[in-house]
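Derivation of every value follows stated rules applied to the coordinates shown; laboratory data play no part. Please read these numbers as outputs of a predicted model, since none were measured by experiment. Note that we place each Cβ from the backbone using ideal geometry, even for glycine, and neighbour counts take in every protein chain shown.
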Amino acid sequence: MERIHGTENGEKMTQYIVAKLVSRLATHEGVKLDELEYNLSDHIDPHALEAVVSNGSESCKLTFQVPGCEVTVNGLGQITIDDQQLSNQNNPSGSLFSDFADMVFLIDENRIYKDILMKPGNSVLLYEKPDKIIGSSISKILPPEVATQVEPIITSCLENGKEQSVRFELKVPAGTRYFDARILPVESIHGQRTVLVAVTDITDGQLAQNLHTQVNGR
């Protein structure tokens, strides 16, 4: 995963890792993100987690207990729960979010982009260049019709503390694309409420669905 830095902030990377862990634990238990019956922060030292991932080595690991299972995270961001490997084994880079989304945005309560994570080569899916996005607001970056669609979902996520999702169409350097965005609340960073927006390109599936609708009339 290619990281585009807004500011060097180990605390922000810890939030990325925690979001990935929560997603994996929810998948493991077969529940939604907001249905986990415990807080991950009660079971893991964020400084130890940050140190492991910053190490960047598969051999560097952190193991901790949550109710009902044991969790291990290595320096590549790969997660094992009860000895069940949940990372993408076909991903040669072992990247933290490679099986989570095509792009991940960190956005604060003022709708300001703080950081970006994305797969190598995916800059063609960005509406603007990274250095223009980071530090700018959603309303200044996205077209009005998309911004007005996305911002209320972020507001709902911040107010309810629950995962939200939204789909939208956007014309980017790669052409007109369809995206699915999962919006997850994370702990406050420097006193500001923050969300992770994990965006996946769903164009192929959407075009197939559109064609099916045209052929079948529904």
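Report the percentage of all Cα-Cα pairs in segment 131-194 whose separation exceeds 16 Å, rounded to a whole percent. Result: 55 percent of Cα pairs exceed 16 Å.
One decimal place: the segment S156-S137 gains 5.1 nm when fully extended, by the rule 0.36 nm per residue minus the C-alpha distance. Net charge of the neighbourhood of F168, taken over other residues with C-beta under 15 Å away and scored Lys/Arg +1, Asp/Glu -1, is -2. Bridging of K114 to lysines at a Cα separation below 27 Å is possible for K12, K20, K32, K129, K132, K140, K162, K171, once same-chain residues fewer than 8 apart are set aside.
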